Structure formats: C-alpha cells, structure tokens
1. Among what's in the range 1-55 and is among the hydroxyl-bearing types (Ser, Thr, Tyr) and surrounded by fewer than 22 Cβ atoms within 10 Å (Cβ to Cβ), pick the residue that is farthest from residue 175 (Cα to Cα).
2. Being surrounded by fewer than 17 Cβ atoms within 10 Å (Cβ to Cβ), without any contact (Cβ under 8 Å) to a residue 12 or more places away in the chain and either among the polar types (S, T, N, Q) or outside any helix (DSSP H, G or I) (or both) narrows it down to one residue among 294, 286; which is it?
3. Given the conditions (1) part of a helix (DSSP H, G or I); (2) among the β-branched types (Val, Ile, Thr); (3) over 15 Å from the mean Cα position of the chain (by Cα), which single one is not true for residue 131?
4. Picking from 272, 283, 304, 294, which residue would you name as being closer than 17 Å to residue 168 by Cβ and among the β-branched types (Val, Ile, Thr)?
5. Here are some conditions: (1) in a helix (DSSP H, G or I); (2) in contact with a strand residue (DSSP E or B) (Cβ under 8 Å, 6 or more places away or on another chain). Residue 32 meets all but one. Which one does it not meet?
6. Can you tell me which residue in the range 94-125 is surrounded by the most Cβ atoms within 10 Å (Cβ to Cβ), limited to those that are small (Gly, Ala, Ser) and either touching a Cys at 6+ places or on another chain (Cβ under 6 Å) or within 26 Å of residue 286 (Cβ to Cβ) (or both)?
7. Within the range 134-159, can you find the residues that are touching a helix residue (DSSP H, G or I) at 6+ places or on another chain (Cβ under 8 Å), assigned to a helix (DSSP H, G or I) and within 28 Å of residue 10 (Cβ to Cβ)?
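Laboratory data are not the source of any read-out in this text; all were calculated from the coordinates shown. Source: prediction; values computed, not measured. Cβ atoms come from the backbone with ideal geometry, glycine included; neighbour counts cover every protein chain shown.
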Amino acid sequence: MLKDIQPTGKKDTRSGFGDGIVEAARKNSNVVALTADLAGSLKLNQFIKEFPERYIQCGIAEANMMGIAAGMTIGGKIPFTTTFANFSTGRVYDQIRQSIAYSGKNVKICASHAGLTLGEDGATHQILEDIGMMKMLPGMTVIVPCDYNQTKAATLAIAEYQGPVYLRFGRPVWPIFTSADQTFEIGKAQFFSQGNDVSIFACGHMVWKAIEAGVILEEKGISVEIINIHTIKPLDTDAIVNSIKKTKCAVTVEEHNILGGLGDAIAHTAATHFPIPIEYVGTKDTFGESGIPTELLKKYGLDTPNIVDAADKVMSRKK
C-alpha cells in the first residue's frame, strides 16, 4: 500500500548532488567540478575542501564554462558543470549543442533550482522549459531524480556513464522516501505501486506528490500504479507500455511545462504503441512567478488534489 511509504527525513535534492559528487571524486580522480559563481548554492563546499585542485570557478560566464568543460573531456577529465537550471540551458544552449552534444562530449550538466519550487526568485529563474530543450539534443541523457537519496545515487551513476548528461534537481527541502543504498539505473523506471485502474507517471519533486495522490485514490478503492520516470531520455518504453496496456489510461505529473516534458514523452510513447486517454499535470504554457513554493504548486495546479482530480477524470474517459 502506498500509505506504507513514509519519509525518513527531509533534505534538498541539491545536497544529494553535492554529496554525490564528493563521493564520485573520491572514486575517480578525473572528476572535476566547474561552477559559475554558485559554489554554495550547488553545495560544492565539501568538494572544494577535499579537491581544491579539481575545482574551477568560472565566474558569471556560463557559456565559457561549457566550453572549458568540453575541452577538458579531450584530456580524459569528467567535468561536472554547476549552476541554476535556467543558466545551465537557456543562456548556454548554443555552446551545449555545438561543443558538447554534437561531438558527444562526456560533460555532466548539473542544473539546480529548477521549476516552481525555486519559489521567491520568480519567473526569470524558475525555468519550466529545460527538460524539453535538453531532450531534443541528439545523444543527450536527461535525468530528473525525485529526492536526496536518488539525486546522490544518480550523480554517482552519471560519473560512470560515458556521454553528455543533463541532471535536474532543486532547492527546497523535500521528503526523502527512496533507499539510501539504492543503485541508480539510467533509463529504468521505478515502480512505487502496482495497479490496474490508472497509471501515474511522475518525475522529480512531483513523484512524492503523486504518491500522496495515490494514497487518496487507494482509500477510494482505486488501484493505482505509481511510476517514477527519473530518466526522461532514454525513456523506459517497455515499463510505460506494459503499464498502460494494463490500466488503459494515464496521468503525467511534472514540475515543468506540459509542452515538451514528461507528458509529451509519455504521449508519444502511447500514440506509437498503445493509444490511451491521458491527463497532464504541469504548467500550462506559462511562466512562473515569485511566491512560496507550496502556494505556487497549488496555484499552477501541481498539488496533490489536482493529481487526484486528473486521475478521476482520465478514468472516466476510458472506453
């Protein structure tokens, strides 16, 4: 039962990245960290303390940081670039496309403070388009872990993965509900429950909201399948298709524009393999605004009651 999934604590996902990169650097001397004047915000303090010679402060020059990272891979280094998600994508898209993705450079683009839960910083920093931007790049792996433990595990996994990766995480303190000793499998969906009535696909912070909604749905007698699509690309097509063939309807939940993100990926998969009704929980072709994260999630329809409503609606659409 979903109600048996209880948080073991709360911590921000960016701290999972910070702790993960330190552990990755201890294992592999080629791991290096670059930042654009945001070492504290990206939780790099311990990395800097242990590996000062493997840390590069690029200043507020994100495009230059991407170029440096691309060049470092030629010498066998594994560079992790770090800044806010908005500046990891929009400001540097040309450099990522031309210098990293086009030639398949082994750069790990680590993007914090993504989505509405950035809160008070407002629309200029709350990027809601980045998943779409990055998954469109050929050869780019896109990962959106759901809590501190999974972000740490994902950071360790991408250090061993050969090729460009976009890793998205956030600022707010969030429930920890996955295992501390998990092995992160790139491209492999994670099931939190098995069900027959509706599939709920979620990523990032919204996985916990989906679980909360699932508890309510189970109390109503609905058999719900909760799937964490932490890897947006490459997508676990088999897991998705097997689930929707069973439930014959789906809800997607993401802290991102419904255009271009997880919802689009699920819709494309369903249209190709097994067409079903789908409801989308995410921002609706809009920018964010400054506010308290929980209030913003409610205003933009990303809270638990909206997920429950979407599930009820999509089940009513089944033939």
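1. From the range 1-55, those among the hydroxyl-bearing types (Ser, Thr, Tyr) are 8, 13, 15, 29, 35, 41, 55; that's our starting set.
Restricting the remaining residues to those that are surrounded by fewer than 22 Cβ atoms within 10 Å (Cβ to Cβ) gives 8, 15, 29, 41, 55.
Details: 8: 7, 15: 13, 29: 32, 41: 19, 55: 30 Å.
Here the answer is 29.
2. Criteria check complete, one pass: 294.
3. The number of the failed condition is (3).
4. Within the list 272, 283, 304, 294, the selection yields 283.
5. (1)
6. Initially, the range 94-125 is screened for residues small (Gly, Ala, Ser), giving 99, 101, 103-104, 111-112, 114-115, 119, 122-123.
Filter again for either touching a Cys at 6+ places or on another chain (Cβ under 6 Å) or within 26 Å of residue 286 (Cβ to Cβ) (or both), leaving 111-112, 114-115, 119, 122-123.
Details: 111: 26, 112: 26, 114: 29, 115: 32, 119: 21, 122: 14, 123: 15.
Among residues in the range 94-125 that are small (Gly, Ala, Ser) and either touching a Cys at 6+ places or on another chain (Cβ under 6 Å) or within 26 Å of residue 286 (Cβ to Cβ) (or both), the one surrounded by the most Cβ atoms within 10 Å (Cβ to Cβ) is 115.
7. Here is the first cut: in the range 134-159, the residues touching a helix residue (DSSP H, G or I) at 6+ places or on another chain (Cβ under 8 Å) are 134-135, 137-156, 159.
Narrowing the set further to residues that are assigned to a helix (DSSP H, G or I) leaves 134-135, 148-156, 159.
Scanning the range 134-159 gives 134, 148, 149, 150, 151, 152, 153, 154, 155, 156, 159.
One line per residue, one yes/no per condition, for (1) surrounded by 21 or more Cβ atoms within 10 Å (Cβ to Cβ); (2) outside any helix (DSSP H, G or I); (3) of a type outside the set (Phe, Trp, Tyr):
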| site | (1), (2), (3) |
| --- | --- |
| 280 | yes, yes, no |
| 310 | yes, no, yes |
| 315 | no, no, yes |
| 319 | no, yes, yes |
